[in-house]
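The values are calculated or read from the model by the stated rules, or taken from the named source; none is laboratory data. All of these numbers come straight from a predicted model, not from anything done at the bench. Methodologically, a virtual Cβ is constructed for each residue, glycine included, from the backbone with ideal geometry; neighbour enumeration extends over all protein chains shown. The accessibility values were calculated without ligands, DNA or RNA, using every heavy atom of the protein model including side chains. Shrake-Rupley method; radii C 1.70, N 1.55, O 1.52, S 1.80 Å.
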Amino acid sequence: MKGLYIAVEGPTGVGKTTLASRLAAELGATVVYDPFDANPFLPQMLAADRSDGSALRVELTFVALRVAQLRYIAGLLAAGHTVVADWALIKQPIFAATTLGPDDVARITATVRVWVDSVVRPDVLVGMSGPTPVIRQRVRRRGRAMETVITGAHLDALSAAFDAAYAVWERPLIRLDVATFDTFHRPHLRELARQVRQLSLPSEMR
């Protein structure tokens, strides 16, 4: 019997990885993390002028890495495992827009569309959001060097882009506001797990 696939998404610093880890434990699921650190061109882009083409290489490599991971997730699901991932493919065009010009963003978006029908898609998407001051504080607290340049305006733009993506998402969606949802509060986590299980049922059984 095919397993359940849950993905957690949202802007930088919103708490995707922490929630995915804890939700997977609550559901008895396998957790899978975004292959962000596996991109060999990312350090080069961060150190260089993006006009040298490094940003496009980074984004195309992310597409390849994420498609490969979706193939891995498909194998887990086919074996009956439930999977919680801290990313979904909807993020690719959103984050590409923070490093690329409009023409290259269109190319990345078209590339994602080529793949989207041939890879697994989440049965349930947990869409995280929250006030920019709260998210920015979290970004500062974790102290990643590459995130020191993130501004409130950047987070505002990311949040708006994710809200737009959530609005057109055609599968079961659970919205979470980090201003009111506490990942470390067990009752909140249990209620989220209950909603995930409920939404994963066929519509006639809900």
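Looking at segment 9-35 only, could you name the residues that are within 24 Å of L60 (Cβ to Cβ) and either part of a strand (DSSP E or B) or over 10 Å from the mean Cα position of the chain (by Cα) (or both)?
Just the residues of segment 9-35 that are within 24 Å of L60 (Cβ to Cβ), to begin with: 9-12, 16-17, 32-35.
Hits for segment 9-35 are E9, V32, P35.
Contact map, segment 160-179: residues that are over 11 Å from I90 (Cβ atoms) and in a loop (DSSP other than H, G, I, E, B) paired with residues that are of a type in the set (V, I, T) and open to solvent by less than 70 Å² (accessible area, probe 1.4 Å), Cβ distance under 7 Å, separation 6+ or inter-chain. Pairs shown: P172/V124; V178/V14; V178/V134; A179/V134.
Conditions (1) on the phi > 0 side of the Ramachandran plot; (2) open to solvent by 30 Å² or more (accessible area, probe 1.4 Å); (3) assigned to a loop (DSSP other than H, G, I, E, B), marked per residue:
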site	(1), (2), (3)
M45	no, no, no
L60	no, yes, no
L70	no, no, no
G80	yes, yes, yes
I94	no, no, no
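Here A179, A165 are screened, and the one residue that is closer than 28 Å to R197 by Cβ, modelled with pLDDT under 95 and either out of contact with any Ser or Thr (no Cβ under 8 Å at 6 or more places or on another chain) or open to solvent by less than 40 Å² (accessible area, probe 1.4 Å) (or both) is A179.
Is at least one residue of segment 134-145 crowded, with 17+ Cβ neighbours inside 10 Å and outside any helix (DSSP H, G or I)? No, segment 134-145 contains no residue that is crowded, with 17+ Cβ neighbours inside 10 Å and outside any helix (DSSP H, G or I).
Among residues of segment 51-74 that are within 16 Å of D37 (Cβ to Cβ) and without any contact (Cβ under 8 Å) to a residue 60 or more places away in the chain, those with a beta-carbon under 6 Å from a residue that is small (G, A, S) and crowded, with 19+ Cβ neighbours inside 10 Å at least six positions away or on a different chain give the pairs E59/A96. Taking residues in segment 104-116 that are under 19 Å from R171 (Cβ atoms) and touching a residue at least 12 places away in the same chain (Cβ under 8 Å), and partners anywhere that are open to solvent by less than 40 Å² (accessible area, probe 1.4 Å) and outside any helix (DSSP H, G or I), the pairs with Cβ atoms closer than 7 Å and at least 6 places apart or on different chains are V112/L89; V116/L89.
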